[in-house]
Amino acid sequence: MTTHFQIGDLSIDRVLESEFPVLEPAEVYPDCTAAQVEHNLPWLAPRFYDVAAGKLILAFQGFVIRSHGKTILVDTCVGDCKERRRADFHRQQWNWLGRLAQAGLAPEAIDYVVCTHFHVDHVGWNPRLVDGRGVPTFPNARYLFAQAEWDYWWSAAGKPNRERTGDYMSDSIVPVVDAGLVDFVATDHRIDPGVTLVPAPGHTPGMVCVAVQSHQQHAIIAGDLLHTVLQLAYPDWSTRFCADPHLSRQTRRAFLERHAGSDTLILPAHFPAPTAGTIERHGDAYRFRFSGEQAG
Ligand SMILES: [Zn+2]
């Protein structure tokens, strides 16, 4: 399913790879108790939480921005046929390129590829396997990677995290670097007048959000700054996958506070359909109002 959002003269299309119950709450959030899950069940299930599986439902997807005649792809999902430790990601065949085609896009039409960060589920389609070799999927694109992110994953601090999921750096990042398609950029890099990277360090050191604006309308593709709607109710919950849980918490809290009550459309990487929505204050925390839905 593709979903289209208009931001002034610009547009964002959501291109889904998969959406399914994937992670137990305590597997994602070390601070989450069974009692807290139980307490929130009336609104969590069945939309965000599969009670039978005991797992939170996450989407895996990329976003296509059309801006000033250019086509910008943000995040390239898990990918097909990859060797991965997590069974859910291992040697999958989701045919995400078919969904991209449904959005009217051949791989050759992509001008820029941005990965919000280098986690296994955001880089998978950078190259695809052709005769056992990683070949850039988007041959006409410049791949814009944050220098800080690249540096981290090759550092001593990044190594154990890289090894947790299988070596996606070698099979999904290095081939496009070797092909000469990568520009290493600052985390506040401006792609064009309507599209700018915004630093969001913590989940990973070089993570970026992508801010889109046109005619006083604003959207932010938020990467993994928020994994699930539970983090609006519990803004202090960082994930086990956060490289720096403390900084992740600071960045998330500042982001929620800045955008609460505004019209800025927020598109977190893993929120289920329709993914996009706005942030509202709710008690001493927040809640997410999905695009097209009335206040609850
Ligand atoms: Zn992710």
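Determine whether segment 204-226 contains at least one residue that is within 16 Å of the ligand (Cβ to nearest atom), touching a Leu at 6+ places or on another chain (Cβ under 7 Å) and of a type in the set (S, T, N, Q). Checking segment 204-226: not a single residue is within 16 Å of the ligand (Cβ to nearest atom), touching a Leu at 6+ places or on another chain (Cβ under 7 Å) and of a type in the set (S, T, N, Q).
Inspect all residues belonging to segment 140-149 and state whether any of them is of a type in the set (Ser, Thr, Tyr), over 24 Å from Glu17 (Cα atoms) and out of contact with any Gly (no Cβ under 9 Å at 6 or more places or on another chain). Break it down stepwise before answering.
In the first step, residues of segment 140-149 are kept if they are of a type in the set (Ser, Thr, Tyr); the result is 143.
Those still in the list that are over 24 Å from Glu17 (Cα atoms) too: none.
No, the conditions are met nowhere in segment 140-149.
Quick test for you: out of Thr137, Thr116, Thr165, pick the one residue that is modelled with pLDDT of 95 or more, open to solvent by less than 40 Å² (accessible area, probe 1.4 Å) and closer than 17 Å to Lys82 by Cα. Answer to the selection: Thr137. The residue of segment 72-97 that is nearest to Val28 (Cα to Cα), among those that are buried (at least 20 other Cβ atoms within 10 Å of the Cβ) and out of contact with any Lys or Arg (no Cβ under 9 Å at 6 or more places or on another chain), is Cys77.
Pairs are defined by a Cβ separation below 6 Å, a sequence spacing of at least 6 or placement on different chains, a first member in segment 193-214 that is over 18 Å from His122 (Cβ atoms), and a second member that is among the polar types (S, T, N, Q) and assigned to a strand (DSSP E or B); the pairs so defined are Gly194/Ser67; Gly194/Gln213; Gly194/Ser214. Entry remark, segment 168-224: residues being more than 23 Å from Phe255 (Cβ to Cβ), of a type in the set (Val, Ile, Thr) and in contact with a helix residue (DSSP H, G or I) (Cβ under 7 Å, 6 or more places away or on another chain) number 1 in total. Taking each residue of segment 1-23 that is under 23 Å from Pro46 (Cβ atoms) and looking for partners that are open to solvent by 40 Å² or more (accessible area, probe 1.4 Å) and at pLDDT 95 or above with beta-carbon atoms closer than 7 Å, six or more apart or interchain, yields Pro21/Asp50; Pro21/Ala53; Pro21/Lys55; Val22/Lys55; Leu23/Lys55. Does segment 173-226 hold any residues that are hydroxyl-bearing (Ser, Thr, Tyr) and within 26 Å of Thr239 (Cβ to Cβ), and which are they? Result: Thr187, Thr196, Thr204. Selection of first residues in segment 265-280 that are more than 13 Å from Leu16 (Cα to Cα) and open to solvent by less than 10 Å² (accessible area, probe 1.4 Å) and of second residues that are among the basic types (Lys, Arg) and part of a strand (DSSP E or B), restricted to Cβ pairs under 6 Å at least 6 apart or on distinct chains, gives the following pairs, ordered by first then second residue: Gly277/Arg289.
The values are calculated or read from the model by the stated rules, or taken from the named source; none is laboratory data. Fair warning: this is a prediction, and the values are worked out from it, not measured in the lab. Virtual Cβ from ideal backbone geometry, glycine too; neighbours counted across all protein chains shown. Surface accessibility is based on the protein's heavy atoms, side chains included, excluding ligands, DNA and RNA. Shrake-Rupley method; radii C 1.70, N 1.55, O 1.52, S 1.80 Å.
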